[in-house]
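Everything below concerns the one structure shown next.
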Amino acid sequence: MPVLLLYFLYRGLRNRAYWESCAQRLGFLPRSLRQTGPGAIWLHAVSVGEILSSIEFLKGLRGEYPRTRLFVSTSTLAGRALAAERLASLTDGTFYAPVDYVWTVRRVLRTLKPSLVLIAETEIWPNLFRETKRIGAGLAMVNGRISDRAFPRYRRFAWFFREVLPAADCILTQTDTSRDRFLALGAPPERTRTAGNLKYDFEALPAPPDSPVVALLARVRPERVWIAASTMPPAAPDDVDEDDAVLAAFQQLATKYPALLLILVPRKPERFDAAAKKLAASGIPYLRRSELTATATLPRPGVLLLDSIGELGGLYGAADAVFMGGTLARRGGHNILEPAFFSRPVIVGPHMENFQSIADEFRDARASVEISSAGELAAAVDRLLASPDTSREIGRRAMACAEASRGASGRALAVARDLYSSHLPWYRPSMPWFFLAWALSHVWIWGARRRQARGMANRRELDVPVISVGNLTMGGTGKTPCVLRLASELKLRGHQPGILTRGYGRVSPERQLIVAPGENMRAERTGDEPQLFIRSGLAPVGIGEDRFAAGAVLHRQFGVDVLLLDDGFQHVQLARTVDVVLIDALHPFAGGRVFPIGRLREPLTALTRADVILITRSDFTHLDAPIQHQIRQWNPDAPVFRASIKPQAWIEHRNGRRHSADAPPFQRAAAFCGLGNPESFRRTLQQVGIPLADWLEFSDHHRYGPRELQRISWQAQTNGADALVTTQKDAVNLCEESDDLVAPLPLYWLDVTLAVDREADLLGEIERRLGKARTYGFKAPQS
């Protein structure tokens, strides 16, 4: 750590922008990247080259998983700037990758909660690999490569890589040679295969017409354009400085081509100023891209110094010849595929070790021009500029070579799809709380088992069948909308349903309350969720801890022939005919561990008791497959259904007036809620296209006081909202005169319903079990 901090200090003194990255490198990501549940995909692409080569792959991921959060990390300042610019429409956030300490990696994993971590090329970090697998997320390396130059160094540490590489679920390499090298370092043969190079899937898009560089070319109208791309400084004192070599060649060519334009593009941003000084010292007319104005011009012959990030790729189409830097200096070369996709001839030096397979393919196809020294550069450029037919033919062969090897993105996407569908990670809390929480969770499990054993020993059975709707987790999973939906459908099928609920948080002296459908009763007396059942008018409601007694009264007074037990999975003392268990797709299994490590009420083994399983909010994620994979480990037989929350209407709180969910009577709202899973409300608002001026979360079942509502309204007005929106459950918990307290802002709540895929099959399964119970005299199956 002291060495790392000194390194940060050194980098920060050289470039003040580096200071801004330090917090993220230590695992402190912005709050905007924090996720409430698993399911995200994290791609690490170390710098500019990896980001550019991953764009088509990222497009595939976004198309495959439009509802999944997609994050990209990078290690360099230039890579971060390019990612922010080029990936804004593809990703949900970009950040600096953490240094490879356990605590920094764990902090990032807890923030992003990825189900899948993808590593581009050859970033082999032991703690990142180990911690990713410890939480149960998928891990894959894509576009892997080990160059001729790097392999001897890697092989010296084969003992180290043998402990790290087996953590990867899959390693996709660019070439067979790279695959053999990964195997030599200890990669598992059955999980390592050649998939091609992502860089071959580059989409050649010309610079936009409104680009200042395009406008400059239109004004200057050069007769010939030569691009010197990604030029590098010497790797050793006796090595070539490619900027010097390019400028010397330009001065030789300028006498023959008086209208020549050179676009000089140093590889590293820190080389921009040095290149400008060289140009000034040589007396060559030049213009910096950063100083380009709408009326700027440039004498010919002249040089445009492209001191920007991310523009080069779109300018290759304007070139008559391209020299690829990093190939004269002993730097291992750079990617020549981008100019090839524009059918442009590329000149390379002797050093293409980092892209050897590409260099070999182009050489065999005579699709590039090779030189052995800086002295040959001017002559090679001259041949291409002087003979357009030769230039076009070499460019045509270059494009054919590049096109023939496409498809790596599709193969990487297939691997990502397989891993995403089979991995559902668990996230552990930070140390040292974990150890205390681990001990407390075992106390909780012990107590829950004792309560369950007592409940089973004293289990009682009503004279009508009972459908229990419950879950395994603390917090909301959509039980209330599910009970209401089942009550509505059972009525349509000729049943007389009743609803049993505990009435959490009610203030009432009665041990139990029996409420007729639609009866007017204050929320404080019943609890907030029972109010939703009562106001629906669908069924009579029995409220109380003794749900057997409440059910008996409902049966006697209202003649109900089926009872819906709200939040009843752990209430085993009442026998039930059908156990419907809900799993929230936004936060399935609540961390996979029992409270307080996670948010499970009981271990996942309890899924064996479920008769029907319903995955709610499934339209917000793509986690159905991994959730079902986890379910089947504990319950191979229960039918699994998917459900989503569908907005019905905006209800004006003051007068009950209904407005279409798709046409709200406001422009920009401030939202507040007190739910077990507030993220579900946020996603629903996003789904109906509500722009949020403010977002406030409160604890589940929160009751809103007068001053609190005034503060909420004031803050919303300050942030530019023209309305307040909330949920029906929260509307029940508002104090009296709430509309006057939040004035002048109007208050609306969102009416929603539960939509179940294959609903007829779900109801048929329930009816089948109800019919079986009637056949056997309402005897509920014993767990």
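The values are calculated or read from the model by the stated rules, or taken from the named source; none is laboratory data. This is a predicted model, so every value here is computed, not measured. With ideal geometry, Cβ positions are generated from the backbone for all residues, glycine too; neighbour counts draw on all protein chains shown. These area figures cover heavy atoms from the full protein model, side chains too; ligands, DNA and RNA do not enter into them. Shrake-Rupley method; radii C 1.70, N 1.55, O 1.52, S 1.80 Å.
Electrostatic bookkeeping for ARG758 treats Lys and Arg as +1 and Asp and Glu as -1; over the other residues with beta carbon under 11 Å from its beta carbon, the sum is -3. Between beta-carbons, use under 12 Å as the cut-off and find the net charge around LEU623, counting Lys and Arg +1, Asp and Glu -1. Its environment carries a net charge of +2. Working note: Cα atoms of segment 485-604, range along each principal axis, descending, whole Å: 43, 35, 26.
Note on segment 360-417: Kirkwood radius taken over Cα pairs, Stokes-Einstein applied at 37 °C and 0.692 mPa s, translational D equal to 243 µm² s⁻¹.
Calculated from the alpha-carbon coordinates, segment 591-647 shows an Rg and a Dmax of 12.2, 34 Å respectively. Here LYS256 sits with roughly 110 square angstrom of accessible surface, probe radius 1.4 Å. Compare the Cα positions of GLY656, THR621, ALA643 along the charge dipole of segment 588-667 (+1 at Cβ of Lys, Arg; -1 at Cβ of Asp, Glu; about the Cα centre) and return the one farthest towards the positive end. It is GLY656. Annotation for ARG511 and ARG454: the two label points, set 7 Å from Cα along the Cα-Cβ direction, are 1.6 nm apart. Label-to-label distance, LEU440 versus MET474, with points set 7 angstrom from Cα along the beta-carbon direction: 0.8 nm. In plain terms, if you count all Cα to Cα distances in segment 8-94 and split them into 5 Å steps from zero, the share in each step is 3, 13, 23, 24, 18, 11, 5, 2, 0 percent.
Taken per residue, the accessible surface of segment 1-97 reaches 44 Å², heavy atoms only and a 1.4 Å probe. Rolling a 1.4 Å probe over the protein heavy atoms gives segment 127-277 an accessible area of 43 Å² per residue. Mean projected area of the Cα convex hull of the chain, taken over all directions, amounts to 39.3 nm². Count charges around LEU260 for me, please; just the other residues with Cβ under 9 Å from its Cβ, Lys/Arg as +1, Asp/Glu as -1. Spelling it out: positives minus negatives among the neighbours equals +2. Accessible surface of GLU376, taken over heavy atoms with a 1.4 Å probe and every protein chain present, rounds to 70 Å².
Solvent-accessible surface of protein heavy atoms, probed at 1.4 angstrom with all chains present, puts ASP584, ASP273 in the order ASP273, ASP584, largest first. Solvent-accessible surface of protein heavy atoms, probed at 1.4 angstrom with all chains present, puts PHE28, PHE151 in the order PHE28, PHE151, largest first. Just the accessible area for TYR420, please: 1.4 Å probe, Å², rounded to the nearest 10? Here the accessible area works out near 0 Å². Note on ALA296/ALA259: beta-carbon distance plugged into 1/(1 + (r/R0)^6) with R0 of 22 Å gives a FRET efficiency of 0.80.
Run the accessible area of the chain with a 1.4 Å probe and give the carbon-and-sulfur part as a rounded percent. Here carbon and sulfur together make up 52 percent of the probe-accessible area. Which log10 I(q)/I(0) values does segment 559-707 give at q = 0.09, 0.10, 0.13, 0.14 Å⁻¹ under the Debye formula, counting every alpha carbon as one identical point scatterer? Per q value, in the given order, log10 I(q)/I(0) is -0.40, -0.49, -0.79, -0.89.
Report, as a whole number in µm² per second, the diffusion coefficient that Stokes-Einstein gives for segment 435-512 at 25 °C and 0.890 mPa s using the Kirkwood radius over alpha carbon pairs. This corresponds to a translational diffusion coefficient of 152 µm²/s.
A protection proxy built from the mean count of other Cβ atoms within 10 Å ranks the segments 543-549, 12-18, most packed first, as 543-549, 12-18. Grouping the Cα pair distances of segment 303-379 into 10 Å bins from zero gives a pair-distance distribution of 18, 51, 29, 1 percent in increasing distance order.
Figure note: MET352, MET456 ranked by solvent-accessible area, largest first, 1.4 Å probe, ligands and nucleic acids not counted: MET456, MET352. Remark: C-alpha extents of segment 224-347 on the principal axes read 39, 34, 30 Å, sorted largest to smallest. Accessible area per residue for segment 435-500 is 47 Å², calculated with a 1.4 Å probe on protein heavy atoms, without ligands, DNA or RNA.
In the chain, the calculated helix contribution to ellipticity at 222 nm averages -11500 deg cm²/dmol per residue, counting -39,500 (n - 2.57) for every DSSP H run with n ≥ 4.
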